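Let me begin by presenting the structure, written as structure tokens, before commenting on it.
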Amino acid sequence: MNYEIKNSFIKAKIRSFGAELNSLQKITNNFEYIWQADSKYWARHSPVLFPIVGRLKDDIYFYKDKKYNLSQHGFSRDKEFELVKKEEDFIEFVLKSDERTFKIYPFLFELNISYKLDKTKLIISYKIKNRSEDSIYFSIGAHPAFNILDGDFLEFENVEKAKRYFLNEKGLVYKDEELSFIENKLFLDENIFKNDALIFNDLSIKSINLRDKNNNKILKVEFERFPYLGIWSKPNLAPFVCIEPWFGVADEENSNQNIEEKKGIQILQKD
């Protein structure tokens, strides 16, 4: 089901399937910020990544000496969420573990996702509850896609350089290098995503502005305390760009595949 929240400035639509944001518009002119999932390029809007971010080595992991299969970015984006609360400018959903999730992710959890409008801001919150007897191991990340036009670029506020991870052909981290920005800018050209996403590991990156070719600000994405950030679009530059704050990252190519030792994994003790 699709729900709408709005205030005097903006309105947003969120589907219960995946608790996925699929529209964010100005009230005054219906300007659309969110990519509208044209299957010619990419048939998603803003999926939530849980309980992993990125790809596992061989799509498997081990927990307590047992092997589990889990596909890229986990399963929450393809699950129906339950509506918890709906107000004019606020909505909250929950996804709870069940027998099917337990077979591929042996932890009892609740994942709450909420969307709140505050004047011209959309505030997205994630809350994970541990219902297991032991600690649970997880990652979570956002994957919003924003409409872009030729000449649009990204501005990294107060950041001149950052540590970047590189992915191999299997989607695994295989090296890192320091990337310097030209005047704090990342220009979106047809070659920038030829080797998959740009992945940064730098807590000093707290926000990104999307600007047009005339340097006018289109939108700002803020994400304090997220240790990883992905920037992605299709090769040859589709008409969208994803700005993705993450608590987690893909496996390293030499990973031992033990989820308790996975790079970027989050640990939540029993409530």
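Can you check how the C-alpha radius of gyration of the range 72-117 compares to 2.2 N^0.38 Å, as a plain ratio?
1.31
Viscosity 1.002 mPa s, temperature 20 °C: give me the Stokes-Einstein translational D for the range 1-121 in µm²/s, with Rh taken as the Kirkwood radius over C-alpha pairs.
Using the Kirkwood radius from Cα pairs, D works out to 135 µm²/s.
Check each of the GluC sites (Glu not before Pro) in the range 63-104 and keep only those in coil by DSSP with at most 16 other C-beta atoms within 10 angstrom; list them in order.
Details: sites: GLU80, GLU82, GLU87, GLU88, GLU92, GLU99; in loops: GLU88.
Here the sparse-neighbourhood loop sites are GLU88.
With a/c under 1.5 counting as rounded, go ahead and sort the range 42-110 into rounded, prolate or oblate using the C-alpha gyration tensor (a ≥ b ≥ c being the square roots of the eigenvalues; past the cut-off, prolate if a/b is larger than b/c, else oblate).
Oblate shape, in that a/c is at least 1.5 and b/c is the bigger or equal ratio.
Can you pull out the trypsin sites (Lys or Arg not before Pro) in the range 38-89 that DSSP calls coil and that have at most 14 other Cβ atoms within 10 Å?
LYS40, LYS64
Just one of (i) 159; (ii) 118; (iii) 132 is volume of the Cα convex hull per residue in Å³ as worked out from the coordinates here. Which one is it?
(iii)
Between ILE182 and SER125, what is the label-to-label distance in nm when each label sits 7 Å out along the Cα-to-Cβ direction?
Reported label-point gap for ILE182 and SER125 is 4.1 nm.
With the crude spin-label approximation of a point 7 Å out along Cα→Cβ, what separation in nm comes out for LYS163 versus PHE102?
My value for the distance between the label points is 3.8 nm.
What is the packing order of peptides 222-234, 168-180, taking the mean over residues of other C-beta atoms within 10 Å and listing the highest first?
Answer by packing, highest mean first, reads 222-234, 168-180.
Taking R0 as 30 Å, what FRET efficiency do you get between ASN69 and GLU261 from their Cβ-Cβ distance, rounded to the nearest 0.05?
After rounding, the FRET efficiency stands at 0.95.
Would you mind calculating the gained length between ASN191 and ASN236 on full extension (0.36 nm times residue separation, minus the Cα-Cα distance), in nm to one decimal?
Length gained between ASN191 and ASN236: 15.6 nm.
Using a/c under 1.5 as the rounded threshold, could you call the range 69-179 rounded, prolate or oblate? The axes a ≥ b ≥ c are square roots of the C-alpha gyration tensor eigenvalues, and prolate needs a/b larger than b/c, oblate otherwise.
oblate
Using a basic spin-label model with each label point 7 Å from the Cα along Cα→Cβ, how many nm lie between ASP118 and ASP38?
Going from the ASP118 label point to the ASP38 one covers 3.4 nm.
Give me the accessible area per residue for the chain, probe 1.4 Å, as a whole number in Å².
51
The values are calculated or read from the model by the stated rules, or taken from the named source; none is laboratory data. Being a predicted model, the structure only gives us computed values, none of them experimental. FYI the Cβ positions are ideal-geometry reconstructions off the backbone, even for glycines, and counts take in every protein chain you see. The area values use the complete protein model at the heavy-atom level, side chains included, leaving out ligands, DNA and RNA. Shrake-Rupley method; radii C 1.70, N 1.55, O 1.52, S 1.80 Å.
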